[in-house]
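The values are calculated or read from the model by the stated rules, or taken from the named source; none is laboratory data. Predicted, not measured: the structure shown is a model, and the values here were computed from it. Here the Cβ positions follow ideal geometry from the backbone for every residue, glycine too, while neighbour counts run over all protein chains shown.
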Amino acid sequence: MNKLIKIIGAVAVINILARLIGFSREIVIGNQYGTSRVADALATAYTIPNFLYLVVGGGLTTAFISVYHSTSSDKALFIRKSFTTVLVSISIITVLAFIFADPLLRMVFVNLSEREFAAMYPLFLWMMPSTIFLVLSTWMSGLLNLNDRFHLSSVAILVYNAAFVVIGAVLTYWIGPISYGVGALVSAVLMVLFLFIGIKKSNLSSLKPSFGMTDDIKRVWVIALPILLGGASLQFYAIIQRVAATGLSEGAISAINYASKLSGFPQAVMMTAVTTVIYPMLSKKEGEGDHETVRSLYKKGMLYLAALIVPATAIAYFFADPIVRLVFGHGKFGEKSILITVPIFKAFALSMFFLAANTYVTRFYYAKGNSIWPVVFSLISVLGINLVVIFAWIDSLGAVAIAYGTVISSAANFIMLWVYARIKWKL
């Protein structure tokens, strides 16, 4: 247990630094553009690339880790074929999204004005290619974590965030907001290069492409597809938030983005630190049939999450105004921007534990080969409860209703996941 705590602690420290640098990008954007049309465009343009990065990268990597421990075939060949599968899949998706960018964006963000669309479109064209490298980096990090190289995958995120914020913040004085599109692409390339060098130096495996569908790769897809659906339903939060906010006043999109990123910072740090270490262990123990250790890991991880996130939630809720002022209240992020953002942040803070716990508990479902029920629960929560709350309250509460939709639906999702796991596996 002491060893586990030390590993989680080390990963947490690196993740805190990486997340701080990444979050500083939002602070800089707020300082430079406030809650303006340009800030709205920056948040909107990154929605689809980030959605694919988290859904495709997370789904294929989780499936890869699950099959890796149970495969009886040559692991080196399996790694090469998995890498090739990920590369080809995300490349096809990215190229199609790039070619059909105009109709895709108009279909997703139907309420954008022509002026808003014109501000967002060139940013999207720069950001979309970064999706290939972001997804590859997720898979590479999974490979490193399987081999206990947790620090390398964490440092890679630090490299990405640092490059993104420096390129975006500095170049914006010469080329305007398009600098953040350039930063998204260049930083993603740098992260992949860092991870590739780490894999080579660690002599883990060759990443030479290997084509052909084997039984193991079929299993990856069988496991990954439900995970992709589940991940997509969870990531629909961000898309629904952007789409719902496009019908509101200027600055609503960016205010929701700032508030969600600020509330998501502590839960992302803590959840990532815990799941990064526990999930590979969990997958291994589940493959060995060691159910007692799995139950122990489940309880320990949940306790760690609660102990870390619940106090952070209380602080965020009761000190929302001074926190927003301290973090964002500089430059063009004036009093108007603060007054828009504070109530949204206060509401989002209440979802911190539920969002982290949902991600954590879902990992146990995947390790046990049950990827259907998390999808069902997510669809009910995100596309059902979330939308009902938003549309019921948005006329009276405005953008705050979008945050409460996340709170109530994520809480409902957690209850369904927890109850089913308790009944099915005595977790």
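A few remarks follow.
- Residue match in segment 137-149 (condition: within 26 Å of E116 (Cβ to Cβ), at pLDDT 90 or above and crowded, with 21+ Cβ neighbours inside 10 Å): no
- Taking the conditions (1) polar (S, T, N, Q); (2) assigned to a helix (DSSP H, G or I); (3) over 30 Å from V220 (Cβ atoms) in turn, N111 satisfies each one other than (2).
- The helices (runs of 4 or more DSSP H) found entirely in segment 310-406 that carry 2 or more residues being closer than 27 Å to L248 by Cβ and among the β-branched types (V, I, T) are 320-328, 335-349, 387-397.
- Among the residues of segment 151-166, those identified as β-branched (V, I, T) and either buried (at least 21 other Cβ atoms within 10 Å of the Cβ) or more than 19 Å from A18 (Cα to Cα) (or both) are I157, V165.
- Cβ pairs under 8 Å, 6+ apart, first in segment 41-55 and more than 9 Å from A238 (Cβ to Cβ), second acidic (D, E) and modelled with pLDDT under 90: A41/E116; T44/E116
Every residue, every condition in (1) in contact with a Phe, Trp or Tyr (Cβ under 8 Å, 6 or more places away or on another chain); (2) at pLDDT 90 or above; (3) among the acidic types (D, E); (4) at positive phi, yes or no:
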site	(1), (2), (3), (4)
L297	no, no, no, no
L303	no, no, no, no
F345	yes, yes, no, no
R363	yes, no, no, no
W373	yes, no, no, no
F377	yes, yes, no, no
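- Some residue of segment 173-187 being more than 24 Å from N31 (Cβ to Cβ) and either modelled with pLDDT of 95 or more or surrounded by fewer than 18 Cβ atoms within 10 Å (Cβ to Cβ) (or both): no
- Reported count of residues in segment 354-377, each being touching a Leu at 6+ places or on another chain (Cβ under 7 Å) and farther than 14 Å from W418 by Cβ, is 2.
- Close contacts from segment 13-35, counting a first residue that is aromatic (F, W, Y) and a second that is crowded, with 23+ Cβ neighbours inside 10 Å, with Cβ to Cβ under 6 Å and a gap of 6+ residues or different chains, come to Y33/A39.
- Looking only at segment 70-88, and only at residues there that are closer than 23 Å to L185 by Cβ and surrounded by fewer than 17 Cβ atoms within 10 Å (Cβ to Cβ), the one that is nearest to the chain's Cα centre (by Cα): L87
- Selection status of V67, crowded, with 16+ Cβ neighbours inside 10 Å, β-branched (V, I, T) and in contact with a Lys or Arg (Cβ under 6 Å, 6 or more places away or on another chain): yes
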